[in-house]
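Down below is the structure, laid out as structure tokens.
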Amino acid sequence: MAGMTLEDVNGHDDGGVAPRTIALAGATGDLGGRVLSALIRRGVDVRALVRSGTPAAAQDAVRGRGGTPVPVDFADQAALSDALAGAECVVSVLNGLEPVILDLQGRLLDAAVAAGVPRFIPSDFSLDFTKTRPGDNRNMDLRRRFMARVDAAPIRATSILNGAFADLLTGEAPIVLPRFARILYWGDADQPLDFTTKDDVADYTADVALDADAPRLLRIAGDVVSPRDLAILMTRLEGRRWKPFRAGGLGRLSMLIRVARTLSPTSDAPFPAWQGMQYVRDMSSGRGKLSPLDKDRYGKTDWTRVEAVLAPTR
């Protein structure tokens, strides 16, 4: 990176230099807490913005990780701007639907501009929504709309795209089916899929937050595997034969998404079942595939492979 040393990126203090300050929104969440810890490991002062009225236990958890909780009314633009003053980057790890991704995060963006913060990292942690089709994925459409707003603002922004969280392979993602020794897939069994653990995403995000020269988009994947690769891997890990199981083509998946969405009650949950199906469709079609990858930008070599995630299931 031009103009930066590895010590600069890692936030190391070389004697008498004040620690660098990063503002973090969403530190009380799962990924946000991991980003907070990654920044603290780099010797950074982390100003964790939390909503006014956030329970004391949640604020104590932020302190326990080394951050400084800063309660603020996100509807008070002046107060929000004051809370961001002096930070070199605002990192958003907010999670939700339009009221959060567009409205609340939009107020955070406006406050960062008003406070003169030079850089902003939006909560875009996902597959490559810049290449997917508008209307196919509600959550990606929200990110696409916010990207247009960020790009129109006088601030330097970086979006981090990481595919799917590899952690979900052992639980919420309906891909690895231990009971049947099957890898469920749609479309092509050889379609490469991007997976990155939350800890690796957090680690990389901390480096990006400290990189004044970070580009507009950075794409990472801790591992890239196809459904067929997963079946071979699980066979080796468990000593019993696993097979890829084709649930249908992408057309059938699209039909099921429409049915599921029609039958689902209205909810402001960010990830109802049909939304997860939309995400799987974007991965299975290849439209959300990350390329090129920027995983070597900060010298990180300890990326967690899918095998390490699935091995505990033996």
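The values are calculated or read from the model by the stated rules, or taken from the named source; none is laboratory data. Here the structure is a predicted model, which means the values were calculated and not measured. Neighbour counts are summed over all protein chains in view; Cβ atoms, including those assigned to glycine, are modelled from backbone coordinates with ideal geometry. Accessible surface is based on the protein model in full, side chains and every heavy atom, while ligands, DNA and RNA are left aside. Shrake-Rupley method; radii C 1.70, N 1.55, O 1.52, S 1.80 Å.
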Query raised in the report: List the pairs whose first member sits in segment 44-57 and is among the hydroxyl-bearing types (S, T, Y), whose second member is open to solvent by less than 60 Å² (accessible area, probe 1.4 Å), and whose Cβ atoms are under 7 Å apart, counting only residues at least 6 apart or on separate chains?
Result: S52/V72
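Out of everything in segment 216-232 that is within 14 Å of the chain's Cα centre (by Cα) and crowded, with 18+ Cβ neighbours inside 10 Å, what residue ends up being nearest to S159 (Cα to Cα)? Before the answer, list the steps.
Going residue by residue through segment 216-232, those that are within 14 Å of the chain's Cα centre (by Cα) are 217-222.
Cutting the leftovers down to crowded, with 18+ Cβ neighbours inside 10 Å gives us 218-222.
Working: L218: 6, R219: 8, I220: 11, A221: 14, G222: 17 Å.
Taking the candidates together, the pick is L218.
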Query raised in the report: If you go through segment 37-57, how many residues are open to solvent by 30 Å² or more (accessible area, probe 1.4 Å) and part of a helix (DSSP H, G or I)?
Result: 4
Report summary line: Note on segment 177-190: residues open to solvent by 30 Å² or more (accessible area, probe 1.4 Å), of a type outside the set (D, E) and assigned to a loop (DSSP other than H, G, I, E, B) are P178, R179, F180
Query raised in the report: If we scan segment 254-271, do we find a residue that is under 18 Å from F129 (Cβ atoms) and either outside any helix (DSSP H, G or I) or touching an Asp or Glu at 6+ places or on another chain (Cβ under 8 Å) (or both)?
Result: yes
Report summary line: Taking segment 239-280 and keeping residues small (G, A, S) and either without any contact (Cβ under 8 Å) to a residue 60 or more places away in the chain or touching a Gly at 6+ places or on another chain (Cβ under 9 Å) (or both) leaves G239, G248, G249, G251, S254, A260, S264, S267, A269, A273
Query raised in the report: Does F74 satisfy the condition of being at pLDDT 95 or above, within 20 Å of A23 (Cβ to Cβ), surrounded by 16 or more Cβ atoms within 10 Å (Cβ to Cβ) and out of contact with any Pro (no Cβ under 7 Å at 6 or more places or on another chain)?
Result: yes
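Please go through segment 193-250 and give me each residue that is assigned to a loop (DSSP other than H, G, I, E, B), of a type in the set (K, R) and under 30 Å from E88 (Cα atoms), ordered by number. Before you say what the answer is, go through the steps one by one.
The first filter runs over segment 193-250 and keeps only residues assigned to a loop (DSSP other than H, G, I, E, B), leaving 197, 210-216, 220-222, 226, 239-242, 249.
Pick out the ones that are also of a type in the set (K, R) and you get 216, 240-241.
Selection gives R216 alone.
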Query raised in the report: Taking segment 142-167 on its own, how many of its residues are surrounded by 16 or more Cβ atoms within 10 Å (Cβ to Cβ), assigned to a helix (DSSP H, G or I) and modelled with pLDDT of 95 or more?
Result: 6
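Check D213, D199 and return the single one that is more than 21 Å from E307 (Cα to Cα), modelled with pLDDT of 95 or more and surrounded by fewer than 22 Cβ atoms within 10 Å (Cβ to Cβ).
On the way: D199 fails: more than 21 Å from E307 (Cα to Cα).
It is D213.
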